[in-house]
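Have a look at the structure below, then the notes.
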Amino acid sequence: MTLEQVNSPEDLRGLSYPELDDLAGEIRDFIVSAVSENAGHLGSNLGAVELTLALHRVFESPTDAILWDTGHQAYTHKIVTGRQKQFEQLRQAGGLSGYPSREESEHDYVENSHASTILSYAYGMSVARDAGTDPHRHIVAVIGDGSMTGGMAYEAINNIGHGKKRVIIILNDNGRSYAPTVSNLSANVQGHDERASHPTAQVEPASFTDRVTGKLSHALTDIRLNPVYVRRQRRLESYLHSLPLVGNQAGSAMDAFKAGVREFLQPPSFFEALGVRYVGPFDGHNIEEMEHALHNAIELSDEGPILVHMLTQKGRGYSPAEDDDEKHLHDAPVFDPAVGPPKAVTTGYTQAFAEAIVKEGEADSRLVAITAAMPGPTGLIPFQERFPDRFFDVGIAEQHAVTGAAGMAMGGLRPVVAVYSTFLNRAWDQVVYDVALHRLPVIFCLDRAGITGPDGASHHGVYDMALMSKVPGMRVFAPSSAQELAQMLHDAVDLVDEGPIAIRYARGAARQVGEHEVGEGFHARHVVSSDDAEVCIIAVGKMLEIAEQAAAKLAEAGTTANVWDARCCAPLDPTMIAAAATHRRVVTIEDGIRAGGIGMAIADEVTTIAPSTVVNVIGIPTKFIQHDPKSNNIHAKFGLDVAGIVAAATQ
């Protein structure tokens, strides 16, 4: 197999194009096999195989910096940079990260799993290179069209173009982020008709004129990529401007003519308005065509930034991924590669939220749902199907999602913003000053809160409680069961009129309980009661089940304990605080950052009432936590398990 002979980018350069095609097929088989055994990102990596091979044949990594946005398209990059054998431990504890990792390889620069950032990194690195402190020759930023829906990408492009920085931007356009990309730019270039989204649309086949202009556009791209043409063009422009009397007018007329042609034939010409030369689109699965474009882009980059547009197919070469309409197997669990993963279904807390929001939507016509490019993972597809006019996918643009929700709330709607906990960090300013400052009725539903497992440091949702509980007027709920989540969303719809509310819940299975095990409003729930208990355990969210088990363990050893389900993290229930203050020792446990977290707030209120009460706070330390598919291992490491609670209660 050709793949066995590839241990570095240099090994690619002696291969013929037929051999490269064979290698691409082998790499796809390898990725499918690796992901089937360990889970991981599949469709995004299958679509970037030929693009990655072309990049590593043309550029000399690590002398040339190849930067990835986001990192879940970088599996082929890892394979050709010497990490093929490490895929046996993909996303396992101590094994290969699912994203680029600076600790793994000199070929990795940015541990990037949050979208739309790479162009800013590229801008900064180009500044350092031009200042003489960064040795990189070429800086190549690979960004997907989904990431181009994030505003930060456009901020960076504006600076790159304005500063005429020598950055080569590769737009990997597959028409999707997780879901289909929310962008006219990608839809138009990929050949999708925006009218097709309307249920009554009658979309006509491409006209003769459209086919002609398409061929002209491709021809124009070939011409504009030719360095000889560019040099002659510069001489012509210089000559026209030097003509006596009419030079300026002649030069302006030439510029206007070229701009008109670009605007007619190439809709993405707006890049050039920002000072970035645009060429493409090219076939992102034709290595020879891409190499030709990339070599010419290197020559043209001497004059400033250039964007090379590549069209790729997400999930290419694996029929289960190609046929997956929802996400093209963007990510996949462990599966049988012969048949592909089972159809993705929401489970646990996400499923509880999916059912609850449809129910609340039925009862209140003001309720609308907003997501940032993730309707499936956040459980909003059933709501979208039931209320298509009340569902809004804004693309990978969390800041816009939150401020857009603020505007909807100002207009009388009751928006629910469904987002992963880690991604809400990106919209912190908007939560505080656009929503909370105005006391607006916005509900934040934060999925994947707490330790999330295999995706690592960038995806653990450990900051939300510490941050949200410090926002004036923000109320924060943490359900301990599927039924509690449904109750909290129901209560939030009524209580949100007084200001914003956040509901944070964990990844994975949700505990199922009876009606008598569900609280209401802002009240905590007394779960295990003992009149003579010396210890009080206060659990936040999913930690309740562990707290109950720890209380049983303590009872076996002769130590009785009261157990409370905090339910509401901000404000804390004064009844619970008063009860806790009657104990000799209080133990709090939360699946969030300890410093500034809910346990610290409980300790402050309890010791204000009873200074002699000892409060032991168990939470996540202030450090970046690496990946481990078994979240319980991470919990145990930091004392968030039965043994940790027992130890804290018996010190």
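The values are calculated or read from the model by the stated rules, or taken from the named source; none is laboratory data. No experiment lies behind these values; they were computed from the predicted model shown. Here the Cβ is made from the backbone with ideal geometry for all residues, glycine too, and neighbour counts use every protein chain on show. These accessible areas exclude ligands, DNA and RNA; they are computed on the full protein's heavy atoms, side chains included. Shrake-Rupley method; radii C 1.70, N 1.55, O 1.52, S 1.80 Å.
Roughly what angle does helix 151-162 make with the longest principal axis of the chain, taking Cα atoms, 0 to 90 degrees, to the nearest 10?
In the chain, helix 151-162 runs at an angle near 40 degrees to the longest axis.
Could you tell me the calculated FRET efficiency between Ala128 and Thr63, based on Cβ-Cβ distance and R0 = 22 angstrom, to the nearest 0.05?
Working: r = 15 Å, r/R0 = 0.69.
After rounding, the FRET efficiency stands at 0.90.
Just report the Cα centroid separation between segment 48-86 and segment 330-353, whole Å.
Computed from Cα coordinates, the inter-centre distance equals 27 Å.
Taking H placed 1.01 Å from N in the peptide plane, check which residues at least 5 places from Arg414 or on another chain put their amide H under 5 Å from its amide H.
Leu367, Val368
Would you kindly calculate the translational diffusion coefficient of segment 416-541, applying Stokes-Einstein with the Kirkwood radius from alpha carbon pairs, for 37 °C and a viscosity of 0.692 mPa s, and quote it in µm² s⁻¹ without decimals? Could you put the intermediate results ahead of the total?
On the way: Rh = 15.5 Å.
For the chosen part, D equals 212 µm²/s.
Loop sites only, by DSSP: take the GluC sites (Glu not before Pro) in the chain that have at most 11 other C-beta atoms within 10 Å and name the longest stretch containing none of them.
On the way: sites that count: Glu103, Glu106.
Result for the longest clean stretch: 107-651.
Ignoring everything but the protein chains, give the 1.4 Å probe accessible area of Trp428 in square angstrom, nearest 10.
Counting only protein heavy atoms, Trp428 exposes about 90 Å² to solvent.
As a test of the formula, what do you get for the chain when each DSSP H run with n ≥ 4 contributes -39,500 (n - 2.57) and the sum is divided by the residue count, at 222 nm and rounded to the nearest 500 deg cm²/dmol? Don't jump to the answer; show the numbers that get you there.
Numbers: 24 runs with 252 residues, N = 651.
That calculation yields -11500 deg cm²/dmol at 222 nm.
Output the relative contact order of segment 510-651, whole-number percent, from Cα pairs under 8 angstrom with separation of 6+ residues.
Numbers: 253 pairs, mean separation 34.5, N = 142.
Normalised by residue count, the contact order of segment 510-651 is 24 percent.
Pull out the extension gain between Arg13 and Ala595, defined as 0.36 nm times the separation in residues minus the alpha carbon to alpha carbon distance; nm, one decimal.
Numbers: separation 582, 0.36 × 582 = 209.52 nm, distance 5.12 nm.
Length gained between Arg13 and Ala595: 204.4 nm.
On a 0 to 90° scale, report how tilted helix 49-58 is relative to the longest principal axis of the chain, with both axes built from alpha carbons and the result rounded to the nearest 10.
For 49-58 against the chain, the angle is about 60 degrees.
Quick one: grab the alpha carbon gyration tensor of segment 360-490, order the square roots of its eigenvalues as a ≥ b ≥ c, and give me rounded if a/c is under 1.5, else prolate or oblate depending on whether a/b is larger than b/c. All intermediate terms of the calculation are to be shown ahead of the outcome.
On the way: a/c = 1.36, a/b = 1.16, b/c = 1.17.
In terms of gyration-tensor shape, rounded.
What is the antiparallel percent of DSSP beta bridges lying wholly in the chain, to the nearest 5? Walk me through the numbers on the way to the answer.
Details: 9 of 68 bridges.
Around 15 percent of the beta bridges assigned by DSSP in the chain are antiparallel ones.
Write down the Kirkwood hydrodynamic radius of segment 469-569, to one decimal in angstroms, obtained as one divided by the mean of 1/r over all alpha carbon pairs. It would help to have the intermediate numbers written out before the result.
Numbers: mean 1/r = 0.0696 Å⁻¹.
Hydrodynamic radius (Kirkwood, Cα pairs) of segment 469-569 is 14.4 Å.
State whether segment 515-595 is rounded, prolate or oblate according to the following rule on the C-alpha gyration tensor (a ≥ b ≥ c being the square roots of its eigenvalues): a/c under 1.5 gives rounded; otherwise a/b larger than b/c gives prolate, and the remaining case gives oblate. Show your work: numbers first, answer last.
On the way: a/c = 1.43, a/b = 1.39, b/c = 1.03.
Rounded shape, in that the Cα axes give a/c under 1.5.
Hey, with R₀ at 41 Å, roughly what FRET efficiency would Thr650 and Lys85 work out to, going by the Cβ-Cβ distance, to 0.05? Mind dumping the intermediate values first?
Numbers: r = 46 Å, r/R0 = 1.12.
Efficiency, from the Cβ-Cβ distance: 0.35.
As a quick test, which of the pairs Lys470/Lys623; Lys553/Lys637; Lys470/Lys637; Lys85/Lys623; Lys359/Lys630 have an alpha carbon distance above 23 angstrom in this structure?
The pairs that break the limit, which is 23 Å between Cα atoms, are Lys470/Lys637; Lys85/Lys623; Lys359/Lys630.
From the phi angles alone, apply the Karplus equation (6.51, -1.76, 1.60; θ = phi - 60°) to segment 6-12 and give each ³J(HN,Hα) in whole Hz, x where the residue is Gly or Pro.
9, 10, 7, x, 4, 5, 7
What lysines sit close enough to Lys78 to cross-link, taking a C-alpha to C-alpha distance under 19 Å and skipping anything fewer than 8 places away on the same chain?
Filter leaves Lys314.
Given charges of +1 on the Cβ of Lys and Arg and -1 on the Cβ of Asp and Glu, with all other atoms neutral, how large is the dipole of the chain about its Cα centre, in debye to the nearest 20? Mind showing how you got there, number by number?
Numbers: 52 positive and 82 negative charges, 279 e Å.
Using only the charged Cβ atoms, the result is roughly 1340 debye.
Classify segment 549-651 as rounded, prolate or oblate, taking a ≥ b ≥ c as the square roots of the eigenvalues of its Cα gyration tensor: rounded when a/c is under 1.5, otherwise prolate if a/b is larger than b/c and oblate if not.
Working: a/c = 2.03, a/b = 1.27, b/c = 1.59.
Note, shape of segment 549-651 comes out oblate.
Where does helix 544-556 land angle-wise versus the long Cα axis of the chain, in degrees 0 to 90, nearest 10?
Helix 544-556 sits at roughly 40 degrees to that axis.
Semi-axes of the equivalent ellipsoid for segment 335-376, please: Cα gyration tensor eigenvalues, times 5, square-rooted, ordered largest first, whole Å. Don't skip to the end; give the middle numbers.
Values: eigenvalues 173, 28, 11 Å².
Working from the Cα gyration tensor, I get semi-axes of 29, 12, 8 Å.
What is the distance, in nm, between label points placed 7 Å from the Cα along the Cα-to-Cβ direction at Asp389 and at Ala363?
In this crude spin-label approximation the distance works out to 2.3 nm.
For the chain, what relative contact order do you get, as a whole percent, if you take Cα pairs closer than 8 Å and at least 6 residues apart? The partial results should precede the final answer.
Values: 1326 pairs, mean separation 74.3, N = 651.
Contact order relative to length: 11 percent.
At 25 °C and a viscosity of 0.890 mPa s, what translational diffusion coefficient does Stokes-Einstein give for the chain, taking Rh as the Kirkwood radius over Cα pairs? Give it in µm²/s as a whole number.
Details: Rh = 26.9 Å.
It comes out at roughly 91 µm²/s.
Work out the FRET efficiency for Ala552 and Glu303 from their Cβ-Cβ distance, taking R0 = 56 Å, and round it to the nearest 0.05. Let's see the in-between values first.
On the way: r = 72 Å, r/R0 = 1.28.
The computed FRET efficiency comes out at 0.20.
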